[in-house]
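Just so it is clear, none of the values below were taken in a lab; they were calculated from the coordinates. Here the structure is a predicted model, which means the values were calculated and not measured. Every residue, glycine as well, gets a Cβ built from its backbone with ideal geometry; the counts of neighbours run over all protein chains shown.
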Amino acid sequence: MNAKVEISNGCENHWVPTQEQCEDWIGSGLQSAGKDRHCSISLSFVNAESSQSLNRDYRGKDSATNVLSFPAQFPEALQKQIEPFPLGDIVICAEVVEREAAEQAKTLAAHWAHLIVHGLLHLLEYEHDTDASAREMESLEVNALERLGIPNPYLIV
């Protein structure tokens, strides 16, 4: 494991993954993306109201969303000097994750793993704004999840 994970849980009334699960999922995502530099990541588990506020303020979308990523931004000269390197923040709304997992007939843990890996890839500057970039990002997600024994989340059952 080459990532330090700090978790903030603002939604005690919902199931959230353990520190160990999050570290495993992030480690698999980093391995899938071929990243081996020691890094740190902040995970925040929030309620729908907080997710909606962040989504509105930072993306202009006035609704709660499953995952938001906020990459750390440092000058390149400074990036080489910071250990562990802070990748940024991932914010996940437990309420949305629960609803989506039920709608998609996925286990809660599998959906959480997928969204944490997805958020991590955004921190690593992967996007899904074109067909080609979406295929690349989905391939990395599927690879990371397969390493964890989690089925491909994009297969429609």
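Compute the normalised compactness of the stretch 38-123: alpha-carbon radius of gyration over 2.2 N^0.38 Å, N being the residue count.
1.20
What percent does the relative contact order of the stretch 1-128 come to when contacts are Cα pairs within less than 8 Å and at least six residues apart?
29
Can you tell me the FRET efficiency between Lys80 and Glu125 if r is taken as the Cβ-Cβ distance and R0 is 22 Å, rounded to the nearest 0.05?
Efficiency for this residue pair is about 0.85.
With r as the distance between the Cβ atoms of Asn152 and Ala102 and R0 = 22 Å, compute the FRET efficiency 1/(1 + (r/R0)^6) and round to 0.05.
Efficiency, from the Cβ-Cβ distance: 0.70.
Of the GluC sites (Glu not before Pro) in the stretch 88-150, which ones lie in a loop per DSSP and count no more than 10 other C-beta atoms within 10 Å?
Counting only loop positions with at most 10 other Cβ atoms within 10 Å, the GluC sites (Glu not before Pro) in the stretch 88-150 are Glu125.
What residues qualify as long-range amide H neighbours of Leu43, i.e. H under 5 Å apart, gap of 5 or more or another chain, H built at 1.01 Å from N?
Correct list: Glu6, Ile7, Ser8, Ile90.
Amide H neighbours of Thr65 under 5 Å, at least 5 residues apart or on other chains, H built in the peptide plane: list them.
Placed amide hydrogens put Gln52 under 5 Å from Thr65.
Can you list, bin by bin at 5 Å, the percent of alpha carbon pairs in the chain, starting at 0?
Once binned at 5 Å, the Cα pair distances of the chain give 2, 9, 18, 22, 22, 16, 8, 2, 1, 0.
Using θ = phi - 60° and the Karplus curve 6.51 cos²θ - 1.76 cosθ + 1.60, what whole-Hz ³J(HN,Hα) does each residue of the stretch 63-72 get, with Gly and Pro shown as x?
With the stated coefficients, the stretch 63-72 comes to 7, 5, 9, 6, 9, 10, 10, 10, x, 5 Hz.
Taking a spot 7 Å from the Cα of Ala72 along the direction of its beta carbon, which residues of the stretch 30-49 have an amide N less than 15 Å from it?
Inside the label zone: 36-44.
Tell me which lysines have Cα within less than 24 Å of Lys4's Cα, excluding those fewer than 8 residues away on the same chain?
Lys35, Lys80
Could you please rank Cys22, Cys93, placing first whichever residue has the fewest other Cβ atoms within 10 Å of its Cβ?
Ascending number of Cβ neighbours within 10 Å: Cys22, Cys93.
Using alpha-carbon positions, what is the distance between the centroids of the stretch 93-157 and the stretch 1-73, in Å?
If you average the Cα positions of each part, the centres end up 13 Å apart.
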